[in-house]
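Structure record follows, encoded as structure tokens.
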Amino acid sequence: MTKKTALITGASRGIGRRTAMAMAESGYNVVINYRSSEKEAIQLAAELSSTYSIHAAAVQGDISNRQDCEQLIKKTAEDFGGVDILIHNAGPYVKERKRLDEYGWDEWEYMMNGNLNSVFYLTKLTLPYMRSRKWGRIITLGFDRVETAPGWVYRSAFAAAKSGIASLTKTISQEEAVHGITANMVCPGDIIGEWKEKSIAEACLEKDEHVPVGRPGAGEDLSRVIAFLTSESSSFITGSVIPVTGGQDVLGKVFRVKPDN
């Protein structure tokens, strides 16, 4: 296959789904990774394949597990010949507000494996394909101000893992630049619930006085930035941490919430 191939983790729904749509629209073959949403992933792959002149496939795998990551890349290589674009979208998040000491051993390890270690697993496995072609794009996802390694009350595991990814992303960008590979991090604003899959046009019909630009963020806001970072025109952008927040102080909003006693 002559088309470049984009692998997106956790792409069956939410921001990952919207990103898969943007990649297909850009003319890339798409691998839709999922952990448990098999029906949604297969349906999305069929929709993208029929709508665009690309090949899309759904591949199961829990990215917190190294063996699953190995099988995911092996399957992608068998079907598509390798990976040109790697988008680390998936990452477990514990909604329950917990102090550090309230995390169980397994829970903490799952958060680290699913967020930070998975970036190492998949990047290590895909770099040989990118290096052989002297071209590659690696995109990670963070949160507002992640590059400053901020503390985040009751989100210690998630914040620590994502802060580590920010540093890792910059390191990858420096090590792999000689091979024509770029690595950047995109940090979504307060995009939640159904808005993760909505379009910019839909968001422009709504008002949000808490966001400086005056409207809520949508999944397409993020996917459009990712699509540009994966294009040929983005070759001079690497090692960047890019906020897509509409100007909102997202983390500041979190910090203003009074912690539980």
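The values are calculated or read from the model by the stated rules, or taken from the named source; none is laboratory data. Computed from a prediction, not measured in an experiment: that's the story for all the values here. FYI the Cβ positions are ideal-geometry reconstructions off the backbone, even for glycines, and counts take in every protein chain you see. Just the protein is used for accessible areas: all its heavy atoms, side chains included, with ligands, DNA and RNA removed. Shrake-Rupley method; radii C 1.70, N 1.55, O 1.52, S 1.80 Å.
Can you compute the modelled spin-label distance between residue 209 and residue 102, with each label point 7 Å from Cα toward Cβ, in nm?
Distance between label points: 3.2 nm.
Taking Rg/Rh (Cα atoms, Kirkwood Rh) straight from the coordinates, which label in (1) 1.05; (2) 0.98; (3) 0.95 is the correct one?
(3)
Roughly to the nearest percent, how much of the accessible area of the range 68-218 is carbon and sulfur, given a 1.4 Å probe? Kindly include the intermediate steps, with their values, before the conclusion.
Values: 3820 of 7320 Å².
Solvent-exposed carbon and sulfur of the range 68-218 make up 52 percent of the total.
Considering only protein heavy atoms, with the full assembly of protein chains and a 1.4 angstrom probe, order 97, 137, 35, 18 by accessible area, largest first. All intermediate terms of the calculation are to be shown ahead of the outcome.
Numbers: 97 90, 137 5, 35 135, 18 40 Å².
Order by accessible area, largest first: 35, 97, 18, 137.
About its Cα centre, what dipole magnitude does the chain give when the only charges are +1 on Lys and Arg Cβ and -1 on Asp and Glu Cβ, stated in debye to the nearest 20? Spell out each step's value before the answer.
Numbers: 31 positive and 32 negative charges, 77 e Å.
With Lys and Arg at +1 and Asp and Glu at -1, about 360 debye.
Return the long-range amide H neighbours of residue 58 (sequence gap of 5 or more, or a different chain), with a cut-off of under 5 Å between placed amide H atoms.
Long-range HN contacts for residue 58: 32.
Sticking with the crude label model, points 7 Å out along Cα→Cβ, report the distance from residue 79 to residue 50 in nm, one decimal please.
Going by the 7 Å Cα→Cβ label model, 1.8 nm.
By how many degrees, 0 to 90 and rounded to 10, does the Cα axis of helix 156-176 deviate from the longest principal axis of the chain?
For 156-176 against the chain, the angle is about 40 degrees.
Accessible area per residue, 1.4 Å probe, Å², for the chain: what's the number? Don't skip to the answer; put the middle values down first.
Working: 12610 Å² over 261 residues.
Per residue, the chain has an accessible area of 48 Å².
Name the residue from 199, 158, 240 whose Cα lies farthest towards the positive end of the charge dipole of the chain, charges +1 on Cβ of Lys and Arg and -1 on Cβ of Asp and Glu.
240
Relative contact order of the range 57-198, please, whole-number percent, based on alpha carbon pairs below 8 angstrom and at least 6 residues apart.
Values: 193 pairs, mean separation 37.2, N = 142.
Worked out over the range 57-198, it gives 26 percent.
Which residue, 95, 124, 75, tops the fluctuation ranking in a GNM of the chain built on C-alpha contacts under 10 Å?
Of the options given, 95 has the highest mean-square fluctuation.
Placing unit charges on C-beta atoms (Lys and Arg positive, Asp and Glu negative, everything else neutral), compute the dipole magnitude of the range 10-154 about its Cα centre in debye, rounded to 20. Mind showing how you got there, number by number?
Numbers: 18 positive and 18 negative charges, 81 e Å.
With only Lys, Arg, Asp and Glu charged at Cβ, the dipole is about 380 debye.
Quick check for me: using +1 on Lys/Arg Cβ and -1 on Asp/Glu Cβ, what's the dipole size of the range 141-208 about its Cα centre, in debye to the nearest 20? Could the numbers behind the result be given before it?
Numbers: 7 positive and 10 negative charges, 47 e Å.
For the range 141-208, the charge dipole is close to 220 debye.
Hey, what number do you get for the chain at 222 nm if only DSSP H runs of n ≥ 4 count, each worth -39500 (n - 2.57), divided across all residues, to the nearest 500? Mind dumping the intermediate values first?
Working: 9 runs with 107 residues, N = 261.
Helix contribution divided over all residues of the chain: -12500 deg cm²/dmol.
Let's test the formula: R0 of 22 Å, r as the Cβ-Cβ distance of residue 199 and residue 253. What FRET efficiency results, to the nearest 0.05? Please list the in-between numbers first.
On the way: r = 24 Å, r/R0 = 1.10.
Calculated value: 0.35.
Over 24 Å between Cα atoms: which of 3/124; 162/207; 4/95 fall into that group? Each step should come with its number before you reach the end.
On the way: 3/124 22 Å; 162/207 30 Å; 4/95 36 Å.
Too far apart for the 24 Å limit: 162/207; 4/95.
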